[in-house]
Amino acid sequence: MIRHHPDKNLLLEYASGSLPKGASLVVSAHIQMCAECRAQYQTMNTLGGSILESCAPQAVNDEAFQRLMGRIDQAAKPAQQVAPERSKSTEPMLADAPPVVHKLLEKNPPIKWKTIAPALKMCRLKTGQDQYEVSFHRLSCGGKVAEHDHRGYELTLVLYGSFSDSDGVYSPGDFLLREPGDVHRPTVTEDQECLCFSAVQAPVAITGVSGWLLNRLIPFRPG
């Protein structure tokens, strides 16, 4: 059961097309996994369409219109009704990932994990934008990520397994938004690994005595 969702303001930004691409990827993936947010998104689109019908017609670039319609159709359909574009990845944890993730994997090289810390591996993804670093984070069974704070927004979606922090427990489909200044320390359950899909606006800052060194070893690469 999915317990953590984007708030209505974030869904509205996504529905209106004003959310940056990097962040939109994570919200889109959540919508494809979550029937509740998918219904809200469809309602927002319906209301938006009603408002547009009452406005004076404006010229729209044909290519931009087609991109918008394609995005609406993809996100509005229930995930089980969308045939995923299976990627070349052999990662079992990605077998049930939403279609938008598989589509992104098709546009990237095969996954190569980079060890960031004893309990954390990372794989950056190319997304054709420069505002957010979009990546997978793979956390080991029972692993604890170093406590860190955020210098920008971080949107995270759990794809596999679960983790917890001081605010709750997050399982597949759960969405988490961290804002600048937020501090937390994720801890993974003992029974299985955890895989997250995230978009980070700015590098996080590891707290504690070793933070000054670790912060220099983890480059930030939007793309």
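The values are calculated or read from the model by the stated rules, or taken from the named source; none is laboratory data. These numbers were taken from a predicted model, which means no experiment stands behind them. So basically every Cβ, Gly included, is an ideal-geometry build from the backbone, and we count neighbours across all protein chains shown. In case anyone asks, the SASA skips ligands and DNA or RNA and just uses the protein heavy atoms, side chains included. Shrake-Rupley method; radii C 1.70, N 1.55, O 1.52, S 1.80 Å.
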Report the gain in length on full extension from Cys141 to Glu179: 0.36 nm times residue separation, minus Cα-Cα distance, nm rounded to one decimal. 11.0 nm
Multiply the residue gap between Val169 and Lys21 by 0.36 nm, knock off their C-alpha separation, and tell me the result in nm, one decimal place. 50.6 nm
In terms of solvent-accessible area of protein heavy atoms at a 1.4 angstrom probe, what is the ranking of Asp149, Asp7, Asp130, highest value first? Asp130, Asp7, Asp149
Starting from the residue with the highest accessible area, list His30, His4 in decreasing order, probe 1.4 Å. His4, His30
Lys114 versus Lys8, label points 7 Å from Cα toward the beta carbon: distance in nm? 4.1
Report the Stokes-Einstein translational diffusion coefficient (µm² s⁻¹, integer) for the range 96-150, Rh taken as the Kirkwood radius over Cα pairs, at 10 °C with viscosity 1.306 mPa s. 124
Cα-based radius of gyration of the range 111-200 once divided by 2.2 N^0.38 Å, which approximates compact folds: 1.02
